[in-house]
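The structure under discussion appears below in the form of structure tokens.
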Amino acid sequence: MKRELHDRYLSLLLGAPLSATAIRDPADAWERHVGDALTAMPLLAGAGTIVDVGSGGGSPGVPLAVELGVPVTLLEATGTKARFLESVLRELDLPGSVVHQRSEEFARAEGRDAFDAAVSRALAPPVVAIELCLPLVRPGGRLILWIGGLAELDPLQAVADMLGGAVDGVHPGSPGRNLLRVDKLRPTPERFPRRPGMARKRPLASLPSTA
């Protein structure tokens, strides 16, 4: 049944009338959008609610929803992609919802400190993605970021600490890719996240710790 749902998701993704993916070969699409997403499974044990930040075409959120059977919130700022994600959840009858909003706005409202886990695969460089994602995670939860290779951890740890977290480490993912885990230790200070666009414009790693 899970394999059938994954196949149906890929069929919807490859047939979508939007730039949800540049991949057209089904085998490549499976590896990129399903197999790669499921490498995070060992790091998500016990997570009852998950948010996929910058969900785009739905990976990793949709494959994880299929495998884990828990509600996954697909957070997407682009309207056409958000509507596509709504159709995917509806067609596959998956638990969860789509939020058409920027992460900074969602983290200032009902999304703040709300999820057991946040995942994000292609949102932004890690120093930026941590600010965009960690405010959505409750204390005791975790953030999983897909990264291209080994990362310099000291700047990431400094940013995580500003936001109430701590870098757990880098874990193996798909060939040539790794997973960065950041644990949420305490509520994110009220000043974070900054207003939309600031995380990219002025990454916290380049600012004093009091920023």
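Data table
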| read-out | value |
| --- | --- |
| Count of residues meeting criterion [assigned to a loop (DSSP other than H, G, I, E, B), under 22 Å from LEU38 (Cβ atoms), of a type outside the set (A, V, I, L, M, F, W, C) and over 17 Å from the mean Cα position of the chain (by Cα)] in region 79-110 | 1 |
| Subset tally (residues that are in contact with an Asp or Glu (Cβ under 9 Å, 6 or more places away or on another chain), more than 26 Å from GLU190 (Cα to Cα) and crowded, with 19+ Cβ neighbours inside 10 Å) for region 64-81 | 2 |
| Conditions (1) closer than 21 Å to ALA107 by Cα; (2) out of contact with any Phe, Trp or Tyr (no Cβ under 6 Å at 6 or more places or on another chain): number failed by LEU163 | (2) |
| Answer from ARG181, ARG202 - the residue that is in contact with an Asp or Glu (Cβ under 8 Å, 6 or more places away or on another chain), surrounded by 12 or more Cβ atoms within 10 Å (Cβ to Cβ) and basic (Lys, Arg) | ARG181 |
| Some residue of region 123-139 being under 21 Å from LEU43 (Cβ atoms) and without any contact (Cβ under 8 Å) to a residue 40 or more places away in the chain | no |
| Pairs, first hydroxyl-bearing (Ser, Thr, Tyr) in region 177-190, second not in a loop (DSSP other than H, G, I, E, B), C-beta under 6 Å, six or more apart | THR188/PRO135 |
| Residue count for region 101-120, restricted to those that are closer than 16 Å to ARG181 by Cβ and either modelled with pLDDT under 95 or touching a Lys or Arg at 6+ places or on another chain (Cβ under 6 Å) (or both) | 1 |
| Hits in region 98-119 - residues which are closer than 19 Å to GLY197 by Cβ and either buried (at least 24 other Cβ atoms within 10 Å of the Cβ) or polar (S, T, N, Q) (or both) | GLN101, SER103, ALA107 |
| Any hit, region 30-37, residues being surrounded by 24 or more Cβ atoms within 10 Å (Cβ to Cβ) and in contact with a Gly (Cβ under 6 Å, 6 or more places away or on another chain) | no |
| Test: residue in region 134-147 that is surrounded by fewer than 16 Cβ atoms within 10 Å (Cβ to Cβ), of a type in the set (Gly, Ala, Ser) and more than 28 Å from HIS33 (Cβ to Cβ) | yes |
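The values are calculated or read from the model by the stated rules, or taken from the named source; none is laboratory data. Everything numeric here is computed off the predicted structure, so don't read it as measured data. Cβ sites come from the backbone with ideal geometry, for glycine too, and all protein chains shown count toward neighbours.
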